[in-house]
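These notes concern the structure reproduced below.
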């Protein structure tokens with residue numbers, strides 16, 4: 001019978017820390033959106049939020065298969081990183097478009113909100129990296 005090595009405390013702590021930062025960043029986004037009275041639908045925000053939701057689903061799937069299927073877990077982690085890269089393309093394009101508008105208030109407000117969404121996605125990517133680190137240590 002093959003026994004996998006236990007997950008070390010440092011790896012668990014890193015994942016918990018990343019998940020905590022994700023929650024904090026989501027809270028910050030919601031506070032800022034409410035403060036700036038951003039209530040209407042926005043295609044760019046919706047696209048970014050869908051990418052973040054996908055990352056969350058992939059991370060969940062990765063943690064569920066951690067002990068049973070490490071290859072599937074590694075694929076989920078890779079897809080989280082790939083989704084971050086796609087989100088960054090959307091982010092850069094939208095910030096560039098904002099700058100072209102030359103409306104400083106609009107630039108400031110939306111850059112702040114977009115930055116929060118980027119931060120959430122970045123933290124998802126970091127959690128995926130920690131998940132992959134756990135896989136390596138279990139091998």
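Each reported figure results from applying straightforward, stated rules to the coordinates on display, with no laboratory input. Predicted model, so just to flag it, every value in this text is computed and none were measured.
Taking Rh as the Kirkwood radius computed over C-alpha pairs, what is the Stokes-Einstein D of the chain at 20 °C in a medium of viscosity 1.002 mPa s, expressed in µm² per second?
Using the Kirkwood radius from Cα pairs, D works out to 133 µm²/s.
Result for the chain in a Gaussian network model with C-alpha springs under 10 Å: among 29, 63, 108, the largest mean-square fluctuation is at 108.
Result for the chain in a Gaussian network model with C-alpha springs under 10 Å: among 115, 68, 76, the largest mean-square fluctuation is at 68. Once segment 86-139 is represented by equal point scatterers at the alpha-carbon sites, with solvent omitted, what log10 I(q)/I(0) does the Debye formula produce at q = 0.25 Å⁻¹? Those come out to -0.91, one per q.
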